[in-house]
């Protein structure tokens, strides 16, 4: 057997025999597809939350449509996918790590019976899995946010990483970690709870039918809407800290700044595009993940 055949055989055996590898690959695939589709909504959400000294920043930031129009006017259609490279660089390992961590944690708690977790267990599992991936991927989250904002002009992901590390050190690459975890961990925990409970309310024969993919997607929509709304304030704080690290000494400073400048409504800036994106993206990612893991024999 030549080297290429051996490597191919080894890779196939690795995927076939290790469920964590299957979960990682399935999660990466589902996350990549959904990220590409909904990147424009994430871009608009970041611009809504981050006024800058540009024509886009001076636009009516309460209007999602206005931001879309300004981006199209200045950068045309490709401009809606600005920040795509760091988004993909973050999502492929990030979502894969989330789903594989979730699979591992569920295998520890399910006692081998394959049952769905209860509400509180689902919250704990989702929060733990998201915290693992969030901590590991925080540098890419910082770079992604800055690419999308229009505040910073980097030539690429590597240049951004080097520039941030040179000018701000490790603190710059990890800024906004606390609000990121406050956003992502509860979102994933609440999402998993709402998602599993919504699926549990569906008759079992429906889940076994050919309509199971639309059912999974519908359950994901309901879960995403509820989880997005609850975690929106943390998303605003995260964006501010990552774009203006020199302006804030900690999360308390950001909380007071947003409240003083915008009032309570400031904590919900960018809610519409984020709710739309996170809901559709999570629903699509989970639907694809469910179908892929089923075809891989994980279910």
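The values are calculated or read from the model by the stated rules, or taken from the named source; none is laboratory data. Model, not experiment: these values are computed from the prediction. Here Cβ is always computed from backbone atoms with ideal geometry, including for glycine, and neighbour counts include all displayed protein chains.
Before moving on, here are some points about what is shown:
- Within region 145-165, not a single residue is surrounded by fewer than 14 Cβ atoms within 10 Å (Cβ to Cβ), under 19 Å from residue 245 (Cα atoms), touching a residue at least 12 places away in the same chain (Cβ under 8 Å) and more than 20 Å from the chain's Cα centre (by Cα).
- For residue 142, the requirement of being assigned to a loop (DSSP other than H, G, I, E, B) and either closer than 20 Å to residue 93 by Cβ or in contact (Cβ under 8 Å) with a residue 60 or more places away in the chain (or both) is not met.
- The residues on offer are 266, 224, and the sole one that is in contact with a helix residue (DSSP H, G or I) (Cβ under 8 Å, 6 or more places away or on another chain), assigned to a helix (DSSP H, G or I) and under 15 Å from residue 45 (Cα atoms) is 266.
- Residue within region 64-76 that is at pLDDT 80 or above and not in a helix (DSSP H, G or I) present: yes
- Candidate set: region 95-123, residues that are more than 17 Å from residue 22 (Cβ to Cβ), in contact with a helix residue (DSSP H, G or I) (Cβ under 7 Å, 6 or more places away or on another chain) and modelled with pLDDT of 85 or more; chosen: the one surrounded by the most Cβ atoms within 10 Å (Cβ to Cβ): 122
- Subset tally (residues that are surrounded by 15 or more Cβ atoms within 10 Å (Cβ to Cβ) and free of Cβ contacts under 8 Å to residues at least 24 places away in the same chain) for region 245-256: 2
- Residues that are surrounded by 18 or more Cβ atoms within 10 Å (Cβ to Cβ) and under 18 Å from residue 214 (Cβ atoms), drawn from region 257-291: 279, 280, 281, 282, 283, 284, 285, 286, 287, 288, 289, 290
- Residue match in region 182-199 (condition: surrounded by fewer than 16 Cβ atoms within 10 Å (Cβ to Cβ) and assigned to a helix (DSSP H, G or I)): no
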